[in-house]
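Visitor: Attaching a single structure in structure tokens format; questions to follow.
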Amino acid sequence: MTKTQLGRIAAPKLAASALALVMATGGAMAQDLSGKTVEFTIPFSESGGSAQWANFYAPLLSGALPGNPTTVVRYRPGAGSTEGANWFQGQQDRGDGTQIFGDSGSTKFPYLLGDPRVRYEYQEWKPVLASATGGVVYLPPELGERFDGDMDDLKDEPYLYGSQGATTLDLVPLLAFRMLGLTVDPVFGVEGRGDGRLMFERGEANIDYQTSSAYLANVQPLVDDGLAVPIFSWGALDDAGNIVRDPTFPDLPTFKEVCEATEGCETEGVAWDAYKAFFVAGFANQKTIFLPSSASQEMVDAYTQALDEIIAADGFAEASNEVLGVYAQMTGDAAIEATRQATTISDEAKQYVLDWLQEDYGITME
């Protein structure tokens, strides 16, 4: 049985369990969605990690929300996800619970950078779930076998990396590679991280990273067959905001550990502050479910209660770990705070990234 199949099979059972708990408490039942269809829109294609995440949660929401509405996932890809986010900004009057939106780090990054394509305002949206994730960087075996906790012996290698673009979620690895002193030539224009992985498999790229769900499904088999070697993860945040080892990959060092061990890479100062800001937006709170600004507090509470019961239901941890990895799923005040942190950056760190993008890639936010 594949991980995807496990998620699809486990979801209805989890949803039924969560629904039973919601009905037992009765707190959110005044918001009745009987006979309605909830549109769960994500601004990406059907092939990526966001689709996997949305399709995992959609049937659970159908079972746990009051009235058992049908929940369908809609795809609105385009312009690095800003097109779909701009569309959702125009749906702010649909606060009856039938329209929800799921973003990703690739949606938060243009917002943080002041991209002129952005016509959406996170402060107007109402977060009800914040999902953390992780990612793993890996090399082909001939390079991976030379990794010994630092990148000093690997700096002289030329690297090719398939990238969706420097202002997408790939900003995190590209900035990390720069901080490590690697010479990485990104091949821009790949449509998704899955295409970057295929470049690696074909030998057209010799460094790559995948988010945890995609790594577990598609890269771990390469590792098992001796065709790829993981070298570090991005890590995770503890309750105090410190970067610690990723709970899904506890045996891998974090980028911070590798940076500390690599000559010339610093874990303090403006470059580090910039990296951490985008790491939080891209991974520590990578995906968020939002209701429109017009949603009542009662509707927000109904979604929060449903999600709380889903997360607490028997079997959720096992199923979500298989599909999404071992990461925090935050609701209520925790989701609000995580979203605040993921959509905030200091002026100094923002300017550092803008200067780097212009200097290395000729990209300006104009």
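Visitor: Under the Kirkwood approximation for Rh and a Cα-based Rg, what ratio Rg/Rh is obtained for segment 277-317? Kindly include the intermediate steps, with their values, before the conclusion.
Guide: On the way: Rg = 13.4 Å, Rh = 12.2 Å.
Ratio of gyration radius to Kirkwood radius for segment 277-317: 1.09.
Visitor: Can you tell me which of Val118, Val353, Val190 moves the most in a GNM of the chain? Springs connect C-alpha atoms under 10 Å apart.
Guide: Among Val118, Val353, Val190, the largest GNM mean-square fluctuation belongs to Val190.
Visitor: Considering Cα pairs under 8 angstrom that are at least six residues apart, work out the relative contact order of the chain and quote it in whole percent.
Guide: On the way: 721 pairs, mean separation 97.0, N = 366.
Normalised by residue count, the contact order of the chain is 27 percent.
Visitor: Taking the solvent-accessible surface of protein heavy atoms with a 1.4 Å probe, what is the per residue accessible area of segment 180-219 in Å²? Walk me through the intermediate numbers first.
Guide: Values: 1580 Å² over 40 residues.
Here the per-residue accessible area is 39 Å².
Visitor: Once you order the gyration tensor axes a ≥ b ≥ c over the Cα atoms, which shape class does segment 205-303 get: rounded for a/c under 1.5, otherwise prolate or oblate by comparing a/b with b/c?
Guide: Values: a/c = 2.61, a/b = 1.46, b/c = 1.79.
Oblate, because a/c is 1.5 or more while a/b does not exceed b/c.
Visitor: Can you give the net charge of the other residues whose Cβ lies under 9 Å from the Cβ of Thr183, counting K and R as +1 and D and E as -1?
Guide: That sum, taken over residues with Cβ under 9 Å, equals -2.
Visitor: Assign one of three labels to segment 220-366, namely rounded, prolate or oblate, based on the Cα gyration tensor with a ≥ b ≥ c the square roots of its eigenvalues; rounded applies when a/c is under 1.5, prolate when it is not and a/b is larger than b/c, and oblate otherwise.
Guide: On the way: a/c = 2.18, a/b = 1.23, b/c = 1.78.
Oblate is the answer for segment 220-366, as a/c is 1.5 or above yet b/c matches or exceeds a/b.
Visitor: Next up: So between Ser47 and Arg202, what do we pick up on full extension, going 0.36 nm a residue minus the alpha carbon distance?
Guide: The span from Ser47 to Arg202 would gain 53.9 nm if fully extended.
Visitor: How are the Cα pair distances of segment 33-132 distributed, in percent, across 5 Å bins from 0?
Guide: With 5 Å bins starting at 0, P(r) equals 2, 13, 24, 25, 20, 11, 4, 1, 0.
Visitor: Let me ask something else. Which whole-number percent gives the relative contact order of segment 229-294, counting Cα pairs below 8 Å spaced six or more residues apart? Write out the running numbers ahead of the final one.
Guide: Numbers: 54 pairs, mean separation 15.9, N = 66.
Normalised by residue count, the contact order of segment 229-294 is 24 percent.
Visitor: In whole percent, how big is the carbon plus sulfur part of the accessible area of segment 241-358, probe 1.4 Å, protein atoms only?
Guide: Values: 2200 of 4840 Å².
Its accessible area is 46 percent carbon and sulfur atoms.
Visitor: Which one is right for this structure if mean projected area of the Cα convex hull in nm² is calculated from it: [x] 19.2; [y] 17.1; [z] 22.2?
Guide: Structure-derived value, by its label: [y].
Visitor: Further, regarding this structure: Would you list the membrane-span-like helices of the chain, meaning whole DSSP H runs whose alpha-carbon atoms span at least 18 Å along their axis and whose mean Kyte-Doolittle value is at least 0.5?
Guide: Working: long enough: 3-25 (32 Å, 0.80); 49-64 (23 Å, 0.27); 297-312 (22 Å, 0.08); 347-361 (21 Å, -1.22).
Qualifying helices, which must be both long enough and hydrophobic enough, are 3-25.
Visitor: What do you get for GluC sites (Glu not before Pro) in segment 186-290 restricted to DSSP loop and a cutoff of at most 11 other Cβ within 10 Å of the site's Cβ?
Guide: Working: sites: Glu191, Glu201, Glu204, Glu257, Glu260, Glu263, Glu266, Glu268; in loops: Glu191, Glu204, Glu263, Glu266, Glu268.
Answer in residue order: Glu263, Glu268.
Visitor: Which order do the peptides 207-215, 310-318 take when ranked by the mean count of other beta-carbon atoms within 10 Å per residue, highest first? The partial results should precede the final answer.
Guide: Values: 207-215: 25.8, 310-318: 16.6.
The packing order, highest mean first, is 207-215, 310-318.
Visitor: May I pose another question? Within the chain, count lysine pairs with alpha carbon atoms under 29 angstrom apart where the residues are 8 or more positions apart or belong to different chains.
Guide: 25
Visitor: Where the centre of each part is set by its Cα atoms, how far does segment 29-56 sit from segment 278-346, in angstrom?
Guide: Here the answer is 14 Å between Cα centres.
Visitor: So for each of 286-292, 63-69, 150-156 I average, over its residues, the number of other beta carbons within 10 Å; can you give me the resulting order with the highest mean first? Walk me through the numbers on the way to the answer.
Guide: Working: 286-292: 25.3, 63-69: 22.3, 150-156: 16.1.
So the order, starting with the most tightly packed, is 286-292, 63-69, 150-156.
The values are calculated or read from the model by the stated rules, or taken from the named source; none is laboratory data. Quantities reported herein were computed from a predicted structural model and do not represent experimental measurements. Glycine also receives a Cβ, built like all others from the backbone with ideal geometry; neighbour counts cover every protein chain displayed. The area values use the complete protein model at the heavy-atom level, side chains included, leaving out ligands, DNA and RNA. Shrake-Rupley method; radii C 1.70, N 1.55, O 1.52, S 1.80 Å.
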